[in-house]
């Protein structure tokens, strides 16, 4: 398998290039998996953390906010994975002091933007989970609303009799989504983390 420079990897992540993503997985996943399994995690945990780390890096690239001054791509990737796993252990109330460190991570990685981004990812995952449980009518209606389509236009697209009905229907769908999210135990954990 050919190797790629850090710059090629970053551009590949931005383009969703499957060859680059496969390369990242084959090249670096085993170290992350080894680290997580050595620290009270499972293969599923490792998969989740690795995928979330790629998403975090992608979002930081999109926001032109990715900086790894003293490191390489793999050092940054490992640092993000380690950070995400520490956050997961914290949620599970497992002591971080007993961490068996096997990843070459950056100590200076901790920045507020990364913390915010990880928190946003958690919230978005929770939102996505419950959005998918809504009926297709509610999903389509809310998606149009989130895409800032005017209510008059939404009523036409959805085949409703008028703007007022579209507004009422949107309110009910939104309430249903909010209630499902609030009932989720993950929501309660996120609230605890914010305090």
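Can you work out the PRE-style zone for residue 3? Point 7 Å along Cα to Cβ, and I want the residues of the stretch 72-88 with backbone N under 12 Å. Backbone N within reach: 74.
When only alpha carbons are used to place a centre, the stretch 167-191 and the stretch 24-45 end up 33 Å from one another. Between residue 16 and residue 161, the distance separating the two model label sites (each 7 Å from Cα on the Cα→Cβ line) works out to 4.0 nm. Once both labels are positioned 7 Å from their Cα atoms along Cα-to-Cβ, the gap between residue 139 and residue 174 label points is 2.1 nm.
Could you tell me which of rounded, prolate or oblate describes the stretch 132-194, using a ≥ b ≥ c as the square roots of the eigenvalues of the alpha-carbon gyration tensor, with rounded for a/c under 1.5 and, failing that, prolate when a/b is larger than b/c and oblate otherwise? Prolate, because a/c is 1.5 or more and a/b exceeds b/c.
Using C-alpha pairs below 8 Å separated by at least 6 residues, the relative contact order for the stretch 132-194 is 26 percent.
Laboratory data are not the source of any read-out in this text; all were calculated from the coordinates shown. No experiment lies behind these values; they were computed from the predicted model shown. Quick reminder, even Gly has a Cβ in these numbers, built from the backbone with ideal geometry, and neighbours come from all protein chains shown.
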